[in-house]
Amino acid sequence: MRLDKQYHGDLEAAAKGQMLTAATNVKGSAGYVAIERVIGTLGGRNGSFILQHSGTMTQGVPELRITVVPDSGTGQLAGIAGKMTINIAPDGKHSYDFEYTLTAAN
């Protein structure tokens, strides 16, 4: 599955990526992985970075980890590290929390 996203807030960006999913014979159990390149502005800094997703659902109980790929930051986002949490409202609308640090790239 191809990803084509827009982020709004402190992160104003567009993202494109790929997702792979797998379901099991047990209802509510599945897994997915995804990679997306995010290009835009974060806290007033321009550049890009890559997010790596790894998610599982165990009989309806989700577990999701989204992290910034180390050393993937470019431009003014070089040296970025962090993780993202996706929040899904009852109406299906997605929002995010993004915890990150920016240090000088090596």
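Tabulated results
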| read-out | value |
| --- | --- |
| Members of region 66-89 found to be open to solvent by 90 Å² or more (accessible area, probe 1.4 Å) and either over 19 Å from Ala34 (Cα atoms) or at pLDDT 95 or above (or both), listed by number | Pro70, Asp71, Gln76, Lys83 |
| When residues of region 52-106 are limited to those that are among the acidic types (Asp, Glu) and within 17 Å of the chain's Cα centre (by Cα), the one farthest from Asn25 (Cα to Cα) | Asp71 |
| Criterion (loosely packed, with under 15 Cβ neighbours inside 10 Å and out of contact with any helix residue (DSSP H, G or I) (no Cβ under 7 Å at 6 or more places or on another chain)) met by exactly one of Arg37, Arg2 | Arg2 |
| Residues satisfying the stated conditions in region 54-78, i.e. acidic (Asp, Glu) and assigned to a strand (DSSP E or B) | Glu63 |
| Test: residue in region 53-60 that is without any contact (Cβ under 8 Å) to a residue 24 or more places away in the chain and surrounded by 12 or more Cβ atoms within 10 Å (Cβ to Cβ) | yes |
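Here is a yes/no grid of residues against (1) at pLDDT 95 or above; (2) among the hydrophobic types (A, V, I, L, M, F, W, C):
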| residue | (1), (2) |
| --- | --- |
| Tyr7 | no, no |
| Ala13 | yes, yes |
| Val33 | yes, yes |
| Arg37 | yes, no |
| Leu51 | yes, yes |
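The values are calculated or read from the model by the stated rules, or taken from the named source; none is laboratory data. From a predicted model like this one, the values you see are computed outputs, not experimental measurements. Counting neighbours? That spans all protein chains shown, and the Cβs are built from the backbone with ideal geometry, glycine included. Heavy atoms of the whole protein, side chains included, go into the accessibility calculation; ligands, DNA and RNA do not. Shrake-Rupley method; radii C 1.70, N 1.55, O 1.52, S 1.80 Å.
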